[in-house]
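Asker: Pasting a structure below so you can have a look.
We did not get these values from a lab; they are worked out from the coordinates using the rules stated. Fair warning: this is a prediction, and the values are worked out from it, not measured in the lab. Don't worry about glycine lacking a Cβ; one is built from the backbone with ideal geometry, like all the others, and counts go over all protein chains shown.
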Amino acid sequence: MTVIDRRAARVLLVDGAGRTLLLHGGDPARPEDRWWITPGGGLDDGETLAEGAARELYEETGLRVDPAELGDPVWHEIAEFSYRTRAYRQEQDFFLLRVAEWRVDTAGMDEDEQQTITEHRWWSAAEIEASDEQIYPLELAGLLRRLGPSGGR
């Protein structure tokens with residue numbers, strides 16, 4: 001099977017209570033397999049990491065930010081997964097964005113996002129650690145604790 005290499009940018013959107021927003025979704029090719037992920041996704045041609053993160057954040061949550069507001073990435077990882085029967089190797093960077101609160105608006109989701117993302121929820125690090133659901137990145141709870149209430153900036 002051919003592996004598709006791609007770059008992605010994701011956002012750790014953290015509210016005033018220290019919770020991060022996660023999107024619940026899955027792969028239409030494997031409807032029994034569900035997971036929680038941060039907002040974000042693959043870069044469009046010519047996009048910088050921050051531009052891609054800002055675009056994806058707007059599409060998936062309705063929150064519009066200037067890419068410059070995202071600062072530098074706070075986490076980097078390589079994720080390997082399959083989606084719609086294709087194998088991916090995704091090099092992704094995570095940006096931290098703090099908001100007092102945010103009411104998610106999914107009206108900007110593209111067709112694929114509408115088919116795969118079914119709900120959203122704000123999670124504390126403790127809730128992530130206690131959960132038996134698939135939550136990505138696997139290091140998310142520890143990352144949130146390291147960033148702390150005012151860390152990462």
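Asker: Just subtract the alpha-carbon distance of ALA87 and ALA17 from 0.36 nm times their residue separation and send over the number in nm, one decimal.
Answerer: On the way: separation 70, 0.36 × 70 = 25.20 nm, distance 3.66 nm.
Roughly 21.5 nm would be gained on extension.
Asker: Gap in Å between the Cα centre of the stretch 1-51 and the Cα centre of the stretch 121-141?
Answerer: Cα centroid to Cα centroid, the span is 15 Å.
Asker: Further question on the same structure: Tally Lys and Arg at +1 and Asp and Glu at -1 over the other residues with C-beta under 13 Å from the C-beta of HIS24: what net charge comes out? Numbers along the way, then the final one.
Answerer: Working: positive: ARG34, ARG121; negative: ASP27, ASP33, GLU60, GLU113, GLU119, GLU133.
It works out to a net charge of -4.
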